[in-house]
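The values are calculated or read from the model by the stated rules, or taken from the named source; none is laboratory data. Keep in mind that this is a model prediction, so the values were computed, not measured. So basically every Cβ, Gly included, is an ideal-geometry build from the backbone, and we count neighbours across all protein chains shown. We work out accessible area using only protein heavy atoms, side chains counted, and drop any ligands, DNA or RNA first. Shrake-Rupley method; radii C 1.70, N 1.55, O 1.52, S 1.80 Å.
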Amino acid sequence: MTTTATTPLVRARTAVAVVFTVNGFMVASWMSRLPLVRDELGLTPGRLGLLLLALSLGSLTGLPVAGRLAERFGARAVVTAGVVAVAAAQVCGALAVEHATALAVAPALVVFGFGVGTWDVAMNLHGARVEHDLGRTIMPRFHAAFSLGTVLGAGAGAAAAAADLALWVHLGLVAVPAVVVVAWAVRAFLPGEETGEDDDAPAAGSAWLEPRTLLVGLMVLALALTEGTANDWLTVALVDGYDLPDWAGALGFGLFVTAMTAGRVVGTSVLDRYGRVAVLWSTMTLAGVGVLLTVLAGNVVVAMVGVALWGLGASLGFPVGMSAAADDPRRAAARVSVVSTIGYTAFLAGPPLVGFVADHVGTLDALLVVAVLLVPSALVVPAAREARRA
């Protein structure tokens, strides 16, 4: 293949990576300031979990329709609309926090979640298309870009917390550049149909009746909970459980997402060499050990080792699930929407579940829920086996 022929594909690959990075940066910018949100609103862990439920509800509203929106309007339009919604919602939510009104924060988080959910499906669909056209595993690299964005966002959040920067100022400074960068990047997306689906493909709703798709969704659900619990609760758990200042808790979250980034960068070659099933079983074991160390170490240094192992172990579940759902390009939109919707249920159930447990045993000990749920979830991993290995 000539350089001229591959240039649009290379540009699209770079554009997708940029979009994933900004998505991660926006999400981490909010999550890294949760201790401030908790304190400003005077929330218990259980009430904070209910507030985060609003974000998850927004995501689950957008996920089922995101695939069809991408098919109809294109991933470029859906991603652009998503970043605008997220940026506006972050600033409005931050202003509501400044006025200590949790009821006003909740609607902003619903819009935030809707924007993140639709943006997420659209960028994964286009990433799967680029991966298919390249003919090799690359989806974990895109999710590594997301994790890199979360590293940068967590670092910026830690700096903002250390400087005692007002939340609305911090998120306002994030919002405008994010919209500009994404609007510039999506111009390089590949033209035409997002998934290559044709008239002979089964109806989109039938993906909900496919056993393999549902099992992949359940796997993503468990591993999304493994990742999402850290996103939602790790900063607060480190602050409360190890008596750390807010900025140190944000840095602990930064360590988690740094480890995730490393796992996703290395994961592409490891997956191509050893296959999805063996790699996922190995990383799930790492995640379980990491959670146990984080909670039970009793020493902040050992706990940070656990945080790093947790991040490595949680790194590949979501990207592998997206690749497995998109193995057949004709059915990618329907299956990615189904798997994403099931997976994001973790973000719906996770915050209130962990918050409820935290009210009874403390935020740090509540993280053990993740280790418990990883055990049965290992049973459904074979559903994600590559089509060529099935």
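Give, in nm to one decimal, the length gained when the segment between residue 68 and residue 372 is fully stretched (0.36 nm per residue of separation minus the Cα-Cα distance).
Gain on stretching residue 68 to residue 372: 105.9 nm.
Counting Lys and Arg as +1 and Asp and Glu as -1, each charge on the Cβ, what is the dipole of the chain about the Cα centre in debye, to the nearest 20?
Using only the charged Cβ atoms, the result is roughly 860 debye.
In nanometres, what is the gap between the two model label sites at residue 44 and residue 208, each 7 Å from Cα along Cα-to-Cβ?
Going from the residue 44 label point to the residue 208 one covers 3.6 nm.
Quick check on packing: order 321-328, 371-378 by the mean number of other C-beta atoms within 10 Å, highest mean leading.
Taking the mean over residues of other Cβ atoms within 10 Å, the ranking is 321-328, 371-378.
Report which label in [x] 20.7; [y] 17.5; [z] 19.6 holds the value of mean projected area of the Cα convex hull in nm² derived from the coordinates of this structure.
Read-out taken from this structure: [y].
Give me the percent of accessible area attributable to carbon and sulfur for the chain, probe 1.4 angstrom.
Carbon with sulfur: 68 percent of the solvent-accessible area.
Using 0.36 nm per residue, how much length does the chain from residue 104 to residue 272 gain when fully extended, once their Cα-Cα distance is taken away?
55.8 nm
Can you give the extra length, in nm with one decimal, that the chain gains between residue 281 and residue 88 once fully stretched, where that is 0.36 nm per residue apart less the Cα-Cα distance?
65.5 nm
Ordered by packing density, taken as the mean number of other Cβ atoms within 10 Å over each peptide's residues, highest first, how do 299-311, 274-286 rank?
Ranking the peptides 299-311, 274-286 by packing returns 299-311, 274-286.
Can you give the net charge of the other residues whose Cβ lies under 13 Å from the Cβ of residue 150, counting K and R as +1 and D and E as -1?
Result for the neighbourhood of residue 150: -1.
About its Cα centre, what dipole magnitude does the range 213-362 give when the only charges are +1 on Lys and Arg Cβ and -1 on Asp and Glu Cβ, stated in debye to the nearest 20?
So the dipole magnitude of the range 213-362 works out to roughly 640 debye.
Which of the DSSP-defined H helices in the chain satisfy a minimum axial length of 20 Å, computed from C-alpha atoms, and a minimum mean Kyte-Doolittle hydropathy of -0.5?
Counting only whole DSSP H runs, the qualifying helices are 3-31, 45-73, 75-98, 102-134, 139-162, 167-185, 211-229, 246-274, 276-296, 332-361.
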